[in-house]
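Structure, as structure tokens:
The values are calculated or read from the model by the stated rules, or taken from the named source; none is laboratory data. As the structure is a computational prediction, the values presented were derived from the model and not from experiment. Using ideal geometry, Cβ is built from the backbone for each residue, glycine included, and neighbour counts are taken over all protein chains shown. Keep in mind that these areas ignore ligands, DNA and RNA; they rest on the heavy atoms of the full protein, side chains included. Shrake-Rupley method; radii C 1.70, N 1.55, O 1.52, S 1.80 Å.
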Amino acid sequence: ILRVGSTVYIGGAFTQVNGVTRNRLAAISTTGTLEGFNPDVNSTVSSITNNGTTLYIAGSFTTVSSQSRSFIAAIDTLTGLPTSWKPSVNAAANSISVSSNNVYTGGTFLSAGNFSGGGVPIVLTTGLNVGTFAKVNGTVNAVVSDGTGGWFIGGAFTEVDGMARNNIAHLSSDGTLDANWNPGANTTVNALFRDGTTLYVGGAFATISSQSRAFIAALDTTTGIATAWNPTSNAAVSSIIVNGANVFVGGAFTTIGGQTRNRIAILDSTTGLATAWNPNSSATVNTLLLSGGTIYVGGAFTTIGGQ
């Protein structure tokens, strides 16, 4: 989910929105009206971001508006057509983000543009890569800036640049592995969100930074050590957003922060306890977007917030 002004862009595996054909990508006004934007993507869209009037998407698709675009693409939000930006990526991309003129992406691919080896390349808006980025031996699910030009990555991998890194790592601004930051999660990381010097992590893990943390944790961005914050979820966490004292979380859980909360909750950033906010989703929440006083939610549910 991505909101730009009064438009909310959604991506996924759907083929209809409001009973109208929209293949895997659509635009909806904040009043709930389907907009004319219709790029026609031939397979799942996993991640969306933007840079001005250009929408960047990542997923398992190979065409956009019947034009060849392998796993990542740039789309003009005014026309709904893909731009000329066309990096060559050889397998699915799970996450995409933009900083200045660079597009960062992570996934299952082993090559992108002139980069090979798997992992998280930087791709210029011209479609060319910059420098040599760390090589990852598995899937990257989440990429988030460290605020100083480097990046935290999470996913399902055991090595980065030939060094042991279990499912989470830090890349320096030149794209090389940070040899000193190594919390290690015992299984998959799905979500990352940095709030100042705290990195919130969600996934399927039971331990991280050698500490017992069930599916969700907070790490020190400098040391990688787990903080005392420990909400304890009973199932996987898929999405995290932090806003002040509120940590919004979505996933497959039915208890978190010491309370019954079905798949979506707000946790106190100090205590880790669930607040009284309780929309009660009927099935898994995959993604969250906070915009002003509204939280946009996507997933597999059919009822939420009593509707």
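Computed with a 1.4 Å probe over protein heavy atoms only, the accessible area of ASP268 comes to about 50 Å². Close amide H partners of THR227, meaning residues 5 or more places away or on another chain with modelled amide H under 5 Å apart, are ALA218, LEU219, ASP220. Counting only protein chain heavy atoms and rolling a 1.4 Å probe, the accessible areas of LEU192, LEU124 rank, largest first, as LEU124, LEU192. The amide H of TYR296, built 1.01 Å from its N in the peptide plane, has LEU289, LEU290, SER291 as neighbours under 5 Å, considering only residues 5 or more places off or on other chains. Would you please give the residues with an amide H less than 5 Å from that of ARG165, counting only those at least 5 places away or on a separate chain, with H modeled from the backbone geometry? Placed amide hydrogens put GLU159, VAL160 under 5 Å from ARG165. When the solvent-accessible area of the chain is split by element, carbon and sulfur atoms take up 46 percent of it, the probe being 1.4 Å.
In order along segment 258-264, phi translates into HN-Hα couplings of x, 9, 6, 9, 8, 6, 8 Hz, rounded to whole numbers, per the Karplus curve 6.51 cos²θ - 1.76 cosθ + 1.60 with θ = phi - 60° and x for Gly and Pro. Averaged over its residues, segment 174-291 has an accessible area of 39 Å² per residue, based on protein heavy atoms and a 1.4 Å probe. When SER29, SER173 are compared by accessible surface with a 1.4 Å probe, the order from highest to lowest is SER173, SER29.
Note down the net charge around PRO279, summing +1 for each Lys or Arg and -1 for each Asp or Glu among other residues with Cβ under 11 Å from its Cβ. Charge balance in the 11 Å sphere: +2. Among the listed values (i) 18.7, 52; (ii) 21.9, 63; (iii) 20.9, 60, the one matching Rg and Dmax of the Cα atoms in Å as calculated from this structure is (i). The label point for SER100 and the one for SER145, both projected 7 Å from the Cα toward the Cβ, are 1.1 nm apart. For the chain, the Cβ-based charge dipole about the Cα centre amounts to some 480 debye (Lys, Arg positive; Asp, Glu negative; other atoms uncharged).
Compactness check for segment 182-280: Cα Rg over 2.2 N^0.38 Å is 0.94. For ILE240, the solvent-accessible surface computed with a 1.4 Å probe is close to 10 Å², ligands and nucleic acids excluded. Once both labels are positioned 7 Å from their Cα atoms along Cα-to-Cβ, the gap between THR63 and LEU34 label points is 2.1 nm. Contact order for the chain, expressed relative to its length and based on alpha carbon pairs under 8 Å spaced 6+ residues apart, stands at 8 percent. Charged side chains reduced to their Cβ positions (Lys and Arg at +1, Asp and Glu at -1) give segment 126-238 a dipole of some 240 debye around its Cα centre. Computed over neighbours whose Cβ is under 15 Å from that of ALA13, the net charge equals +1, Lys and Arg +1, Asp and Glu -1.
The mean sequence distance of close C-alpha pairs (under 8 Å, at least 6 residues apart), as a share of the length of segment 240-284, puts its relative contact order at 34 percent.
Both the radius of gyration and Dmax for segment 25-102 are 12.0, 38 Å, in that order, over alpha-carbon atoms.
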